[in-house]
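To start, the structure under review is shown below, and the notes come after it.
Where a number appears in this text, it was derived from the coordinates with a stated rule and is not lab data. Remember, it's a predicted structure, so these values are computed and weren't measured experimentally. So basically every Cβ, Gly included, is an ideal-geometry build from the backbone, and we count neighbours across all protein chains shown.
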Amino acid sequence: MDFRINDDLMLIKLSPEYLTQIWEYKAEFLENGDSMDGTGPLRRAESPEEYYGRAQSYLSEETLPEGLVLATQFLCVRKSDNRLVGMLQARHYLNDYLRQFAGHIGYSVRPSERRKGYAEWMLHNVLPFFKGIGVDSVMVTCSDTNEGSRKTILKNGGVYEGTAFCEEDNEHLEKYWIDIDK
């Protein structure tokens, strides 16, 4: 695999320290008219604290909302200025919906920080987390019109499985598998 090494980035689990930046991240996506992939309940949250509480509820079977799967929220932070540049949700297993349309991983990069290799770096650096929870192969999807995400997946060893039509979002989603051991 050919991926970028970036010593100025860190992938950390969701932390209350970044709630203000997460809220600014949301605002930037809304202003840009973009989807907030890989942010969990961020779009629906009405406050940073509500978002944090909901995202934390995804970490335990006891608090997991019905119909969802265990998921860990990661933040990609640039060390040099402590700026939140991307977010990634790692879903521990797949339910029927995820198997059909979304996969194990959702990610996004803040619109003002795109085209710097951050998504590629995040995807590569979350794979050891999956290995640690016993997942050997992860599914990642992208819209068939999202060339940047497709390249990110392919650079991380993604193998195309097929395309599914998601009626709810009116889009065709390409499904890829990444073998973590490769």
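At most 14 other Cβ atoms within 10 Å plus a DSSP loop assignment makes a site exposed; report the longest stretch of the chain without any exposed GluC sites (Glu not before Pro). Here the longest segment lacking exposed loop sites spans 67-166. Rounded, prolate or oblate: which fits the chain when a ≥ b ≥ c are the square roots of the eigenvalues of the alpha-carbon gyration tensor, with rounded for a/c under 1.5 and prolate only if a/b beats b/c? In terms of gyration-tensor shape, rounded. The alpha carbon centroids of region 137-156 and region 13-37 are separated by 21 Å.
Per-residue 3J(HN,Hα) values for region 158-174, derived from phi via the Karplus relation 6.51 cos²θ - 1.76 cosθ + 1.60 with θ = phi - 60°, read x, 10, 5, 9, x, 10, 10, 9, 9, 4, 4, 9, 6, 8, 8, 10, 7 Hz in sequence order (x marks Gly and Pro). Taking other Cβ atoms within 10 Å as a rough exposure proxy, His92, His124, His104 sort from fewest to most as His92, His124, His104. Among the trypsin sites (Lys or Arg not before Pro) within region 1-80, those in coil by DSSP and having at most 15 neighbouring Cβ atoms inside 10 Å are Arg4, Arg43, Arg44, Lys79.
Taking 0.36 nm per residue of sequence separation and removing the Cα-Cα distance, the Glu62/Asp144 pair yields an extension gain of 25.9 nm. For region 101-155, trypsin sites (Lys or Arg not before Pro) are listed when DSSP marks them as loop and at most 12 other Cβ atoms sit within 10 Å of their Cβ; the list is Arg115. Specify whether the C-alpha gyration tensor of region 57-164 places it in the rounded, prolate or oblate class, a ≥ b ≥ c being the square roots of the eigenvalues: rounded for a/c under 1.5, otherwise prolate if a/b is larger than b/c and oblate if not. Cα axes put region 57-164 in the oblate bin.
Near Val85, the amide H atoms lying under 5 Å from its own belong to Cys76, Val77, Arg78; only residues 5 or more places off or on other chains count, and H is placed 1.01 Å from N.
The helix-based estimate of mean residue ellipticity at 222 nm for the chain, built from -39,500 (n - 2.57) per DSSP H run of four or more residues and divided by its residue count, is -8000 deg cm²/dmol to the nearest 500.
Computed over neighbours whose Cβ is under 14 Å from that of Phe129, the net charge equals +2, Lys and Arg +1, Asp and Glu -1. Of Asp169, Asp34, Asp96, the residue with the greatest mean-square motion in the GNM of the chain, using alpha carbon springs below 10 Å, is Asp169.
Amide H to amide H distances under 5 Å link Ile180 with Ser137, Val138, where only residues 5 or more positions off or on other chains count and H is placed in the peptide plane.
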